[in-house]
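Enquirer: Below you'll find the structure I mean.
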Amino acid sequence: MIKISITDDHYVVLKGIESLLKDEKHISVISIHETGKDTLQAFEIAQPDILFLDINLPDINGIVLTKTITKSFPNIRVIALTNHEDVSFVKRILDNGAFGYLLKNAHKEELLQAIETVSKGERYLQKDIEKKILNQSLGRKEYSALQPKLTRREMEVLQAISEELTTQEISEKLFISPKTVEAHRMNIMSKLGAKNSVGIIKIALEKQLL
């Protein structure tokens, strides 16, 4: 029996996937969650074999959550289930430990194939996503030229922002003044073309800086 959990902030999506899998005798959906916090708390009690995980959650980014789950619960295999088709998201979540990537328009057959493949310890990419990666025409040198150049300290502040630390907490962690933290934040926003902290994280993920 393959144990499945699902995390998505849309209840209809949760119930829809659960319904699709309910008649599969070799699969059991043991839990559904709407936040990253609830997911981690539930896994302290019982862990699935596979977690279907949305990238956009209300409390924590799914890519960051994948990294946390991979470290804390190494036996759980994460399959991203999202609307994001951007190759940068695919590469980033796979680099953080995910075993698969599916779009929410996936058919039941693709869900089952993903479960079967990942349960064997192999990676699974939906065909549309795999094609996007193969057809990506942007060369490494050209891509590198497009990357914003952050200093080492700016990268440290960026990482702290992604961990949802406050200015004061970042100040204490990096042993710099709050004013310096804010100066670095403004520089990061300028270099990334972001308007706020949410934009910083979104663009940083797209640029594979996190």
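Enquirer: State, in angstrom, two size descriptors of the chain derived from its alpha carbons: Rg to one decimal place and Dmax to the nearest whole number.
Expert: 18.5, 59
Enquirer: When the chain is modelled as a GNM with alpha-carbon springs shorter than 10 Å, which of 13, 118, 64 fluctuates the most?
Expert: 13
Enquirer: Sticking with this one: Where does each of 66, 166 land when they are ordered by accessible area, with a 1.4 Å probe and the largest first? Before the final figure, lay out each step's value.
Expert: On the way: 66 0, 166 70 Å².
Highest to lowest solvent-accessible surface, that is 166, 66.
Enquirer: On to the next question. If you count only protein heavy atoms and use a 1.4 Å probe, how large is the accessible surface of residue 184, to the nearest 10 Å²?
Expert: 40 Å²
Enquirer: Given the pairs 91/149; 132/173; 15/202, which are separated by over 32 angstrom at their Cα positions?
Expert: Beyond 32 Å between Cα atoms: 132/173.
Enquirer: Moving to a separate point now. Can you compute log10 of I(q)/I(0) for segment 1-77 with the Debye formula, treating each Cα as one identical point scatterer, at q = 0.15, 0.22, 0.26 Å⁻¹?
Expert: -0.46, -0.98, -1.30
Enquirer: Round to a whole angstrom and tell me the spacing of the C-alpha centers of segment 184-210 and segment 29-72.
Expert: So the two Cα centres are separated by 25 Å.
Enquirer: With axes computed from alpha carbons, what is the tilt in degrees of helix 197-206 against the longest principal axis of the chain, rounded to the nearest 10 within 0 to 90?
Expert: Between helix and principal axis, roughly 70 degrees.
Enquirer: Among 133, 55, 76, whose mean-square fluctuation peaks in a Gaussian network model of the chain (Cα, cutoff 10 Å)?
Expert: Looking only at 133, 55, 76, the largest GNM fluctuation is found for 133.
Enquirer: How much of the accessible area of the chain, probe 1.4 Å, is carbon plus sulfur, in whole percent?
Expert: Ligands and nucleic acids excluded, carbon and sulfur reach 51 percent.
Enquirer: If I build a Gaussian network model for the chain, linking alpha-carbon pairs within less than 10 angstrom, which residue out of 124, 101, 11 has the largest mean-square fluctuation?
Expert: With Cα springs under 10 Å in the chain, the top fluctuation among 124, 101, 11 is at 11.
Enquirer: How big is the charge dipole of the chain about its Cα centre, in debye rounded to the nearest 20, if each Lys and Arg gets +1 on its Cβ and each Asp and Glu gets -1 on its Cβ? Write down the numbers at each step before the final one.
Expert: Numbers: 29 positive and 29 negative charges, 166 e Å.
My answer is approximately 800 debye.
Enquirer: What is segment 25-120 by shape, rounded, prolate or oblate, if you read a ≥ b ≥ c off the alpha carbon gyration tensor as root eigenvalues and call it rounded for a/c under 1.5, prolate for a/b larger than b/c, and oblate otherwise?
Expert: Rounded shape, in that the Cα axes give a/c under 1.5.
Enquirer: Continuing with this model, one more query. How many percent of DSSP beta bridges within the chain run antiparallel, rounded to 5?
Expert: Just about 0 percent of them are antiparallel.
The values are calculated or read from the model by the stated rules, or taken from the named source; none is laboratory data. Note that the structure is a prediction, hence the values are computed from the model and not measured. Neighbour counts run over all protein chains shown; Cβ positions are idealised from the backbone, glycine included. Remember, those area values only see protein heavy atoms, side chains included, never the ligands or the DNA or RNA. Shrake-Rupley method; radii C 1.70, N 1.55, O 1.52, S 1.80 Å.
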